[in-house]
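**Student:** The structure follows.
The values are calculated or read from the model by the stated rules, or taken from the named source; none is laboratory data. Only a predicted model underlies this, so the values are computations on that prediction, with no experimental measurement involved. So basically every Cβ, Gly included, is an ideal-geometry build from the backbone, and we count neighbours across all protein chains shown. These accessible areas exclude ligands, DNA and RNA; they are computed on the full protein's heavy atoms, side chains included. Shrake-Rupley method; radii C 1.70, N 1.55, O 1.52, S 1.80 Å.
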Amino acid sequence: TAGIGLTRIGREGGTGALNVTTNAIFNTNNLQVGRDLLSTGTVNVNTGGTINTTDTVAVGRDSATANTLTIGAGSSVNAHSTLVGQNAGSTGTVEMTGIGAQMNLSGLAPNSTIPADLDGASLVVGLRGTGVLNVSAGAAISVTPGVPTGTGLTGGMLIGGSASNPTGTGDGTLTVDGTGSSVIFSNVNGQAGFSQIGRDGTGVLNITNGGLVDGSLQTTAAIGRKIGGSGTVNVTGTGSEWRAGDQVFLGLDVGLTSQVVNGAGGTAVLNVASGGTVTANDIVNGATGTITGGGGTINANIQNSGTIGPGNSPGLMEVIGNVDLLAGGTLAIE
């Protein structure tokens, strides 16, 4: 398709499969897997195959069937953004396994209804539908949003959320498992995007068994950002690490750019346990937020108006930084 085509795998109730293998290269503008209701799409990229998409990869765009994208060792998918479980009622699953399995997201949206408003690259799991993304055994995702133009969005990561138009809530789970498995956010001209886990819907980020999510160049991460949303971040296992950047907000409706709290958010849990590590400058825990986990380390200053519970008895939570226990907060210890 020479980089200008629209590719739909599974449309109008049909079943479609695309296999890109043995160092083959497939170029397209948009890749939609499970385009319509009752359709099923499957895409396999393995043994050195490459898919280049100038715009968006959507896995489970409208279909509620088993729509999947699999990226094997030594293979890659390159795009502006990836949406897993895009629209209401849709389902999508992405499996990335093995050293050299890559997803590279970068730049500004090549198309827009308002050309002056271009969005930065985004990794979105469960926008308005249900999405699952598993990164394991040394697979890696890189996100380089770029600086948006006009009123465009800044990009980054959204797990379990919605866009304001059309409205809707999503259910998303991202798991980064195993040593060498990673999701890394890079900046262009000072912009690495933001992370939201449970914006309006239900979002879960699991970093396990030595996995890494590196958002150290981001300014804001929000867990359970909007009322009705639910966000959970589990960082568990020796070597597992979330480098969360400047400020992390739990259960607070915060402006991502301004870092100004506008009011109460949804429910939020940050669980750091069994050798896991979270690093940020500050963690601000709202009334509906919980920080917990035994045997983990938090490298940050904590302002607590919610709940801190250091794991099951006997639990040990190590905080390298100041802890302020504010009015209305709870320290829960057996």
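**Student:** Rounding to the nearest 20 debye, state how big the charge dipole of the chain is about its Cα centre with +1 on each Lys and Arg Cβ and -1 on each Asp and Glu Cβ.
**Tutor:** Working: 9 positive and 18 negative charges, 104 e Å.
With Lys and Arg at +1 and Asp and Glu at -1, about 500 debye.
**Student:** So for the range 1-125, what percent of the C-alpha to C-alpha distances run longer than 20 Å? Show your work: numbers first, answer last.
**Tutor:** On the way: 3028 of 7750 pairs.
When every Cα pair of the range 1-125 is considered, 39 percent fall beyond 20 Å.
**Student:** Here's something else I'd like to know. Please pull out the direction-averaged projected area of the range 1-47, using the convex hull of its alpha-carbon atoms, in nm² to one decimal place. Spell out each step's value before the answer.
**Tutor:** On the way: hull surface 12.2 nm².
Over all viewing directions, the range 1-47 projects a mean Cα-hull area of 3.1 nm².
**Student:** Give me the accessible area of Arg199, 1.4 Å probe, in Å² rounded to the nearest 10.
**Tutor:** Accessible surface of Arg199 is approximately 50 Å².
**Student:** Right, something else. Skipping prolines and chain starts, which residues have an amide H placed within reach, meaning under 5 Å, of the one on Val319, given they are 5 or more residues away or on another chain?
**Tutor:** Long-range HN contacts for Val319: Ile298.
**Student:** Starting from the amide H of Asp119, placed 1.01 Å from N in the peptide plane, find each other amide H under 5 Å away whose residue is 5 or more places distant or on another chain.
**Tutor:** Answer set, sorted by chain and number: Ala109, Leu153.
**Student:** Please compute the alpha carbon radius of gyration of the chain, then divide it by the globular-protein estimate 2.2 N^0.38 Å. Two decimals is fine.
**Tutor:** Values: Rg = 19.4 Å, N = 334, 2.2 N^0.38 = 20.0 Å.
So the chain has a normalised radius of gyration of 0.97.
**Student:** Oh, and also: Arrange the peptides 149-157, 172-180 so that the one whose residues have, on average, the most other Cβ atoms within 10 Å appears first.
**Tutor:** Details: 149-157: 19.6, 172-180: 21.7.
Per-residue Cβ counts within 10 Å, averaged per peptide and sorted highest first, yield 172-180, 149-157.
**Student:** Grab the eigenvalues of the alpha-carbon gyration tensor for the range 181-334, scale each by 5, take roots, and send me the semi-axes largest first in whole angstrom. Kindly include the intermediate steps, with their values, before the conclusion.
**Tutor:** Values: eigenvalues 89, 74, 37 Å².
For the range 181-334, the semi-axes come out at 21, 19, 14 Å.
**Student:** Using a 1.4 Å probe on the protein chains only, how many percent of the accessible area of the range 273-313 belongs to carbon and sulfur?
**Tutor:** On the way: 530 of 1260 Å².
That fraction is 42 percent.
**Student:** Return the long-range amide H neighbours of Met157 (sequence gap of 5 or more, or a different chain), with a cut-off of under 5 Å between placed amide H atoms.
**Tutor:** Residues meeting the criterion, in which the H sits 1.01 Å from N, are Leu123, Phe194, Ser195, Gln196.
**Student:** Work out how much length Leu38 to Thr257 would gain on full extension: take 0.36 nm times their residue separation and subtract the Cα-Cα distance, in nm to one decimal. Can you show the working numbers first?
**Tutor:** Values: separation 219, 0.36 × 219 = 78.84 nm, distance 3.93 nm.
Gain on extension, Leu38 to Thr257, equals 74.9 nm.
**Student:** Let me ask you something else. From Cα pairs below 8 angstrom and at least 6 apart in sequence, can you work out the relative contact order of the range 218-270, rounded to a whole percent? Walk me through the numbers on the way to the answer.
**Tutor:** Numbers: 120 pairs, mean separation 25.7, N = 53.
This gives 48 percent for the range 218-270.
**Student:** Using alpha carbons only, how many angstrom separate the centre of the range 261-292 from the centre of the range 182-255?
**Tutor:** A separation of 10 Å, based on Cα centres.
**Student:** What fraction, in whole percent, of alpha-carbon pairs in the range 268-320 exceed 15 Å separation?
**Tutor:** Numbers: 539 of 1378 pairs.
Above the 15 Å cut-off, the range 268-320 has 39 percent of its Cα pairs.
**Student:** Here's a follow-up. With θ set to phi - 60°, apply the Karplus curve 6.51 cos²θ - 1.76 cosθ + 1.60 along the range 45-51 and write out the HN-Hα couplings as whole Hz, x wherever there is a Gly or Pro.
**Tutor:** Along the range 45-51, the couplings run 10, 8, 6, x, x, 9, 10 Hz.
**Student:** Related question: In whole Hz, with x marking every Gly and Pro, tabulate ³J(HN,Hα) for the range 255-264 from phi via Karplus 6.51 cos²θ - 1.76 cosθ + 1.60, θ = phi - 60°.
**Tutor:** Karplus values, whole Hz, x for Gly and Pro: x, 5, 7, 7, 6, 8, 7, 9, x, 5.
**Student:** Summing +1 for each Lys or Arg and -1 for each Asp or Glu, what net charge is found among the other residues whose Cβ lies under 14 Å from the Cβ of Ser182?
**Tutor:** Working: positive: Arg243; negative: Asp177, Asp214, Glu241.
For residues surrounding Ser182, the net value is -2.
**Student:** At a Förster distance of 41 Å, what's the computed FRET efficiency of Ile227 paired with Ala137, Cβ-Cβ distance as r, to 0.05? Before the final figure, lay out each step's value.
**Tutor:** Values: r = 38 Å, r/R0 = 0.93.
So, using R0 = 41 Å, E works out to roughly 0.60.
**Student:** In addition: In whole Hz, what ³J(HN,Hα) sequence does the range 206-213 give by Karplus (6.51, -1.76, 1.60; θ = phi - 60°), x for Gly and Pro?
**Tutor:** Going residue by residue, I get 10, 10, 9, 6, x, x, 9, 10 Hz, with x marking Gly and Pro.
**Student:** Rounded to the nearest 0.05, what FRET efficiency do Ser216 and Thr22 have when you use their Cβ-Cβ distance and R0 = 56 Å? Please report the intermediate quantities before stating the final value.
**Tutor:** Working: r = 37 Å, r/R0 = 0.66.
Rounded to the nearest 0.05, the efficiency is 0.90.
**Student:** Still on this structure: Quick one: net charge around Leu83, please, counting Lys, Arg +1 and Asp, Glu -1 for every other residue with C-beta under 15 Å from its C-beta. Display every interim value, and only then the final one.
**Tutor:** Numbers: positive: Arg8, Arg35, Arg61, Arg128, Arg199; negative: Asp55, Asp62, Asp119, Asp171.
For residues surrounding Leu83, the net value is +1.
**Student:** Would you mind estimating how fast the range 69-178 diffuses translationally, via Stokes-Einstein at 25 °C and 0.890 mPa s with the Kirkwood radius over Cα pairs, in µm²/s? The partial results should precede the final answer.
**Tutor:** Working: Rh = 14.2 Å.
The estimated diffusion coefficient comes to 173 µm²/s.
**Student:** What ranking, highest mean first, results for peptides 38-50, 214-226 when packing means the other Cβ atoms within 10 Å averaged over each residue?
**Tutor:** Per-residue mean Cβ counts within 10 Å order the peptides as 214-226, 38-50.
**Student:** If you take the square roots of the eigenvalues of the alpha-carbon gyration tensor of the range 64-125 and sort them as a ≥ b ≥ c, do you get rounded (a/c under 1.5), prolate (a/b over b/c) or oblate? Walk me through the intermediate numbers first.
**Tutor:** Values: a/c = 3.54, a/b = 1.32, b/c = 2.67.
It comes out oblate by the Cα gyration axes.
**Student:** Using alpha-carbon pairs under 8 Å, 6+ residues apart, how would you state the relative contact order of the range 140-275 in percent?
**Tutor:** Numbers: 452 pairs, mean separation 29.5, N = 136.
The normalised contact order for the range 140-275 reaches 22 percent.
**Student:** Given N residues in the range 219-307, what is its alpha carbon radius of gyration divided by 2.2 N^0.38 Å?
**Tutor:** Details: Rg = 12.0 Å, N = 89, 2.2 N^0.38 = 12.1 Å.
After normalising by residue count via 2.2 N^0.38 Å, the value is 0.99.
**Student:** Tally the DSSP beta bridges in the range 157-305 and give the antiparallel ones as a percent, rounded to 5.
**Tutor:** Values: 5 of 61 bridges.
The antiparallel fraction comes to roughly 10 percent.
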